[in-house]
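K.L.:
The structure follows.
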Amino acid sequence: MNRNLPELDWNRVNKLIELAIDEDINNGDATSISVIPENVKTEGRFVTREQCVCAGLPVAEAVFKKLDSKIGWISHCPEGAVLESGTCMATVKGNARAILAGERTALNFLQRLSGIATVTRKYVNASVGTGTKILDTRKTTPCWRNLEKYAVAAGGGINHRMGLYDRIMIKDNHRYIAGLEGFDGLVAAIRRAREMYPALEIEVEVDTIDEFKIVHKESPEYILLDNMTNEQMAEAVKLNSGKVKLEASGGITLERIPSIAKLGVDFISVGALTHSVKAIDISLEM
């Protein structure tokens with residue numbers, strides 16, 4: 001399991017929880033109010049119905065605490081743990097109305113985050129023994145980035161930049177829009193970025209070996225090898241000789257991970273970790 005998880009940004013997480021609760025409950029859980037007596041207590045168990053990597057228990061707990069601060073919660077596994085089908089992940093105790101009102105919202109968070117962690121672990125396992133690290137991307141659900149990158153880390157992956165503010169990343173659209181299609185323009189862009197933001201690392205996307213050679217001379221911290229074949233990436237690794245960090249990206253599938261990782265790139269970035277993940281089947285049993 002991964003014990004070096006990034007901190008959750010609770011200011012953002014609490015806002016998401018409040019919005020999710022308002023979206024679901026609005027002016028009241030009409031069913032529970034009409035069916036369940038006000039002071040009834042109950043206990044529920046979160047049980048996974050398939051093998052998964054656990055992520056999101058603190059968020060699920062926060063959902064119930066937002067509805068009723070007196071609700072009790074016990075987590076039965078750490079974040080990042082691999083769980084077999086039928087495992088009890090957590091127990092929630094307290095007011096029945098509050099627990100039923102928070103059930104779906106808590107599950108939505110827990111199921112998606114565990115899904116991301118589970119998929120990430122598959123990619124990480126496919127690169128074991130090579131030294132290549134699996135990166136996430138900015139292809140995240142709007143306003144869920146901190147949560148989804150947290151789940152990637154729980155699955156053993158590495159977080160790429162959090163946003164546009166914490167790394168210079170010169171991609172093809174930047175070069176095109178700025179009129180920097182030529183190699184001279186690309187060199188100028190790298191140097192200008194270094195001058196304007198000396199504290200930030202620079203990453204440059206390249207599509208060809210010719211572009212790689214030009215960029216490599218400018219010594220950015222990272223070069224992104226975009227949609228290259230394994231043969232092209234192998235040539236880039238050889239030319240690089242460990243000078244800068246190399247990231248493979250574009251057209252990455254789980255099946256390709258072992259062959260790419262063996263080439264000697266430092267990172268493989270995978271948008272699928274967050275943009276098309278399947279939620280884990282988890283239920284709350286009373």
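K.L.:
Against the longest alpha carbon principal axis of the chain, how many degrees, from 0 to 90 and to the nearest 10, is the axis of helix 145-154 turned?
P.N.:
90 degrees
K.L.:
Another one. Over the chain, what portion of Cα pair distances is larger than 25 Å, expressed as a whole percent?
P.N.:
When every Cα pair of the chain is considered, 54 percent fall beyond 25 Å.
K.L.:
Of the listed peptides 22-28, 205-211, 93-99, what is their order by residue-averaged count of other C-beta atoms within 10 Å, with the highest listed first?
P.N.:
So the order, starting with the most tightly packed, is 93-99, 205-211, 22-28.
K.L.:
Let's test the formula: R0 of 30 Å, r as the Cβ-Cβ distance of SER219 and LEU164. What FRET efficiency results, to the nearest 0.05?
P.N.:
My answer for the efficiency is 0.85.
K.L.:
Taking H placed 1.01 Å from N in the peptide plane, check which residues at least 5 places from ILE36 or on another chain put their amide H under 5 Å from its amide H.
P.N.:
none
K.L.:
Distance between Cα centroids, the stretch 244-262 to the stretch 139-210: provide it in whole Å.
P.N.:
18 Å
K.L.:
Spin-label point model (7 Å from Cα, Cβ direction): what's the THR42 to HIS275 distance in nm?
P.N.:
The modelled label-to-label distance comes out at 4.0 nm.
K.L.:
Note the angle between two axes, namely the Cα long axis of helix 10-25 and the longest principal axis of the Cα atoms of the chain, as a number of degrees from 0 to 90, rounded to the nearest 10.
P.N.:
Between helix and principal axis, roughly 50 degrees.
K.L.:
Related question: Give me the lysines in straight-line cross-link reach of LYS65: C-alpha distance below 20 Å, same-chain residues under 8 apart excluded.
P.N.:
LYS15, LYS41, LYS93
K.L.:
Let me ask you something else. Restricting the calculation to Cα positions, tell me the Rg (one decimal) and the Dmax (whole number) of the stretch 1-146 in Å.
P.N.:
Radius of gyration, then largest Cα-Cα span, for the stretch 1-146: 16.8, 58 Å.
K.L.:
What does the highest-first list of 128-141, 53-66, 163-176 look like by mean Cβ count within 10 Å? Intermediate results must be reported in sequence, preceding the final value.
P.N.:
Numbers: 128-141: 17.6, 53-66: 24.3, 163-176: 14.0.
So the peptides 128-141, 53-66, 163-176, ranked by packing, come out 53-66, 128-141, 163-176.
K.L.:
At 20 °C and a viscosity of 1.002 mPa s, what translational diffusion coefficient does Stokes-Einstein give for the stretch 126-275, taking Rh as the Kirkwood radius over Cα pairs? Give it in µm²/s as a whole number.
P.N.:
Working: Rh = 15.9 Å.
D, rounded to a whole number, is 135 µm²/s.
K.L.:
Also, I was wondering about something else. Structure shown: which of LYS139/LYS243; LYS139/LYS217; LYS149/LYS278; LYS149/LYS262 lie over 19 Å apart, alpha-carbon to alpha-carbon?
P.N.:
Pairs exceeding the cut-off: LYS139/LYS243; LYS139/LYS217; LYS149/LYS262.
Throughout, read-outs are computed from the coordinates displayed, never taken from laboratory work. All of these numbers come straight from a predicted model, not from anything done at the bench. All Cβ positions, even for glycine, are placed from backbone atoms using ideal geometry, and neighbour counts span all protein chains on display.
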